[in-house]
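Below is one structure; the comments refer to it alone.
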Amino acid sequence: MKVHNIVLIGFMGCGKSTIGREIKRTLGYQLIDTDAEIEARAGCKISAIFSAEGEHGFRERESSLFEELREKDLKRTVVSTGGGAILRAKNCEILREIGYVVWLCANADTIYHRTKKNRNRPILQAADPRQVIDELLAQRTPLYRDCAHLAIDVGGLNRAEIVAGIVESARYYYAQL
Ligand code: S3P
């Protein structure tokens with residue numbers, strides 16, 4: 001049977017890091033938060049990487065980390081990714097190889113309210129972040145959908161309900177393999 005790993009994808013502010021920590025706590029899985037790992041390796045915040053290397057530099061770091069994780073033969077691991085992880089088709093292929101891919105989604109209003117105070121998301125440091133959210137959501141939604149094995153709308157669900165849904169669905173998925 002394939003190894004049990006869970007990969008969280010979704011737009012900024014949909015709770016990937018929080019739910020990743022909760023899955024770690026519930027299942028005793030190892031957690032790899034790719035944004036946190038990229039920051040730790042670079043020795044600076046994502047906003048500083050964007051300033052120094054542009055978005056392209058960040059995407060290169062992100063893709064090479066995914067390649068590296070694929071080679072690691074991970075087991076009992078939850079990987080929480082950055083919101084743009086699905087922008088490269090190759091990344092999506094790798095994420096689906098790593099594990100059961102869960103898309104955490106929410107509507108633009110929820111995302112706006114959850115992200116408006118955070119200054120470490122360079123993509124949303126725009127004159128009109130709400131418009132950026134609308135545009136990027138429209139562009140990225142089909143990519144999340146294609147990459148995911150499961151979609152969960154997090155609006156109206158508490159953490160425990162989201163985690164229970166993910167854990168049960170992942171069990172079911174792995175039992176079928
Ligand atoms: C990004 C999302 C961020 C981070 C970077 C780019 C994006 O992660 O990877 O700022 O393009 O959506 P979160 O989704 O964890 O905020």
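Quick notes on this structure:
- Matching residues in the stretch 77-113 - criterion: being in a helix (DSSP H, G or I) and either surrounded by fewer than 14 Cβ atoms within 10 Å (Cβ to Cβ) or modelled with pLDDT under 95 (or both): Ala89, Lys90, Glu93, Asp109, His113
- Of Leu74, Leu69, all but one fail to be crowded, with 16+ Cβ neighbours inside 10 Å and either within 14 Å of the ligand (Cβ to nearest atom) or not in a loop (DSSP other than H, G, I, E, B) (or both); the exception is Leu69.
- One residue stands out in the stretch 1-26 among those that are at pLDDT below 95 and hydrophobic (A, V, I, L, M, F, W, C): the one that is most open to solvent (accessible area, probe 1.4 Å), namely Met1.
- Test result for Leu8, in contact (Cβ under 8 Å) with a residue 12 or more places away in the chain and in contact with a strand residue (DSSP E or B) (Cβ under 8 Å, 6 or more places away or on another chain): yes
- Verdict on Ala126 being more than 13 Å from the chain's Cα centre (by Cα) and not in a helix (DSSP H, G or I): yes
- Long-range neighbours under 6 Å by Cβ, at least six apart or interchain, first residue over 23 Å from Gly13 (Cβ atoms) and without any contact (Cβ under 8 Å) to a residue 40 or more places away in the chain within the stretch 29-57, second β-branched (Val, Ile, Thr) and open to solvent by 70 Å² or more (accessible area, probe 1.4 Å): none
- Of the candidates Val167, Val132, the single residue that is without any contact (Cβ under 8 Å) to a residue 40 or more places away in the chain, in contact with a helix residue (DSSP H, G or I) (Cβ under 7 Å, 6 or more places away or on another chain) and of a type in the set (A, V, I, L, M, F, W, C) is Val132.
- Qualifying position, being of a type outside the set (Ser, Thr, Tyr), surrounded by 12 or more Cβ atoms within 10 Å (Cβ to Cβ), in contact with a strand residue (DSSP E or B) (Cβ under 8 Å, 6 or more places away or on another chain) and at negative phi, among Arg159, Arg140, Arg130, Arg145: Arg145
- Taking the criterion of being part of a helix (DSSP H, G or I), of a type outside the set (Asp, Glu) and more than 9 Å from the ligand (Cβ to nearest atom), the residues of the stretch 37-48 that qualify are Ala40, Arg41, Ala42, Ala48.
- The listed residues are Glu53, Glu22, and the only one of them that is part of a helix (DSSP H, G or I), away from the ligand (no atom under 11 Å from the Cβ) and farther than 27 Å from Tyr174 by Cα turns out to be Glu53.
The values are calculated or read from the model by the stated rules, or taken from the named source; none is laboratory data. This one's a predicted model, so the numbers in the text were calculated from it and none came from an experiment. For neighbour counting, all protein chains shown are included, and Cβ atoms are generated from backbone atoms with ideal geometry for every residue, glycine included. Only protein heavy atoms, including side chains, enter the accessible area calculation; ligands, DNA and RNA are left aside. Shrake-Rupley method; radii C 1.70, N 1.55, O 1.52, S 1.80 Å.
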